[in-house]
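Taking it in order: structure first as structure tokens, then the write-up.
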Amino acid sequence: MNNLPVAAYRLSGALAIVAFAAAATSFFIPDVLGGPPVAQGNLRGTALVIMVLAIPVLVAAMFFTRRDSARALVLWLGALAYISYQGVLFLFATPFNSLFLIYVAMLSLAFWSIVVIVRKMDLAAFRASFDDGLPARSIATYAIVLAVLNAAVWLRTIVPAVLSEQPADFLNGSGATTNAVFVQDLAIWLPLLISGAWWLWNRQPLGEVVVGGMLVMLVLEAIGVATDQWFGASADPSTPFASMAAVPMFLVLAVIGAVPLYFYLKHLNTAAGLKERSN
């Protein structure tokens, strides 16, 4: 029987409600948003993915985790990571608006849900839920290569910018004063992915949890970027910050990312490695 604390379900249940409110209001009432049309379009695209994909995955994963599904637990963590990622963008990649406190609540509930779940997991038991066929090093290699390539793409823009006389010129027209994607990718998510991949390579229990959750997050993110690019380019076809050409590219990346996720989940048994711990 699943023994995650009630707090994990309450936090994530509240998150589902708050995230839906934030996403639905942002999508259906765009007048509350500020910034240039491309920024509004990007946020509305992300909001749509949160509503129709991330929240349903979150709710379904909670339901099946309660029935001892380790696979569902990984999907739960991945959905939380994705919503956390978008919470940062909602707060820092769009001008301050009347939804600010709802965006803060979305980010807070997603982050603390992750903390509670990971704190209460029996990592050794979770690792034991995998069979011997898990291609751990192949998945770890994929994760490291993806992280390095992602960092290289961002640095290709960042390095020339910081060495120029006007470092922020590449942001002109975006409505932003900095790039929140660069910040959280380089400071948090890519280092976490590389660390998780290293742990997975060495079959340390935390590696299975981190990489599994991030594989889910990355598939959701690829779909989300494809969608926000479509909405951003539709809102402003002349913008350099969104492109219809990026839509199929990111959909292909989502399909590619689904391959290691499939093999990860294929070798994960149903019994979730969780146990009750004292608070």
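Only the coordinates and a few stated rules stand behind these numbers; no lab work does. These numbers come from a predicted model, not from an experiment. Reconstructed Cβ throughout: ideal geometry from the backbone, glycine too, with neighbour counts over all protein chains shown.
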Which of L218, A246, L77, positive extreme of dipole for the chain (C-beta unit charges) | L77
Ranked by how many other beta carbons lie within 10 Å on average, peptides 227-238, 152-163 from highest | 227-238, 152-163
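Where does the charge balance sit around V211 when Lys and Arg score +1, Asp and Glu -1, over other residues with C-beta under 13 Å from its C-beta?
Within the 13 Å Cβ shell, the charges total +2.
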Sort Y9, Y264 so that the residue with the fewest other Cβ atoms within 10 Å of its own Cβ comes first and the one with the most comes last.
-> Y9, Y264
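Could you estimate the translational diffusion coefficient of the chain from the Stokes-Einstein equation, with Rh from the Kirkwood formula over C-alpha pairs, at 25 °C and 0.890 mPa s, in whole µm²/s? All intermediate terms of the calculation are to be shown ahead of the outcome.
On the way: Rh = 19.3 Å.
The estimated diffusion coefficient comes to 127 µm²/s.
Can you sort M51, M244, M121 by how many other beta carbons sit within 10 Å, fewest first?
Details: M51 18, M244 12, M121 21.
Ascending number of Cβ neighbours within 10 Å: M244, M51, M121.
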Protection proxy (average C-beta count within 10 Å per residue), highest first, orders 75-84, 245-254 as 75-84, 245-254
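Could you give the length gained on full extension between V183 and V153, defined as 0.36 nm per residue of separation minus the Cα-Cα distance, in nm?
9.4 nm
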The rounded separation in angstrom of the Cα centers of segment 85-162 and segment 194-273 is 10 Å
Cα-centred dipole magnitude for the chain, charges only on beta-carbon of K, R (+1) and D, E (-1), debye, nearest 20 | 840 debye
Going by how many other Cβ atoms sit within 10 Å of their own, how do I223, I188 line up, fewest first?
-> I188, I223
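When only Cα pairs under 8 Å and 6 or more residues apart are kept, what is the percent relative contact order across segment 6-266?
On the way: 354 pairs, mean separation 69.9, N = 261.
Answer for segment 6-266 is 27 percent.
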